[in-house]
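> After the structure tokens below, expect a handful of questions from me.
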Amino acid sequence: MCILSDREIIREMAAGRLGIEPFREENLTPNGYDVTIGEIVIPDEDRRATSGAIRIPPLTRFAVGTLEFFRFPAHISGQIWIRTTWARRGIIGGFGKIDAGYRGTLTLMGFNSSRKEVEMHVGDTFAQVIFIKMCSSAEKEYGERSGNYLDSRGVVLER
């Protein structure tokens, strides 16, 4: 396994194997891609923002839906990491792997662990996706294994 560099991410996209839509050059990092907040949901308060800002109360869980729609090939998986800007404000993220063959936007769960409200804006970057080239292509891609969230758009809490 190896982590794709910015150059390799561009190469995989140019070859049509990896997709990030919309793609913004300024979101590309040396070893990943910063995802943009497209939607914010506070499930326990039944609040949702698809534009502007929303304040996350202290000790509250929330979900972020990415603006970007991803298309992963059979030989690349992903890992998600919160941007340290948010961690410094007290935001904790519960993220996982992105399976080979996944297509869709991402729903990322967060928690405001601070004692202060944290303001989040639709359009800000929230987390970084690291692309991992696997030792071999998956025999069965995400859609053939479970595929519960295949082709998701916006925040999807359960299926």
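> Percent relative contact order of the range 2-140, based on C-alpha pairs within less than 8 angstrom and at least six residues apart?
Computed over the range 2-140, the figure is 33 percent.
> Which value in nm describes the separation of the simple spin-label points at residue 115 and residue 157, placed 7 Å from the Cα toward the beta carbon?
2.9 nm
> Now for a separate question. At residue 97 and residue 74, where each label point lies 7 Å from the Cα along Cα→Cβ, what is the point-to-point distance in nanometres?
1.7 nm
> So if each residue of separation counts as 0.36 nm, and I subtract the Cα-Cα distance between residue 87 and residue 23, what length gain in nm does that give?
Separation in residues times 0.36 nm, less the Cα-Cα distance, equals 20.6 nm.
> With a cut-off of 11 Å, note down the residues of the range 131-154 whose backbone N falls inside the zone around a label point 7 Å from the Cα of residue 48 toward its beta carbon.
154
> Students often check this: by mean Cβ neighbours within 10 Å, which of 54-62, 122-130, 85-93 ranks highest, and how do the rest follow?
Ranking the peptides 54-62, 122-130, 85-93 by packing returns 122-130, 54-62, 85-93.
> OK, next. What is the magnitude of the charge dipole of the chain about its Cα centre, with +1 placed on the Cβ of each Lys and Arg, -1 on the Cβ of each Asp and Glu, and no other charges, expressed in debye to the nearest 20?
300 debye
Computed from the coordinates by the stated procedures, all read-outs in this text should not be read as laboratory data. The shown structure was predicted, so the numbers you read here are calculated from the model rather than taken from an experiment. A quick note on method: Cβ atoms are made from the backbone with ideal geometry, for glycine too, and the neighbour counts reach across all protein chains shown.
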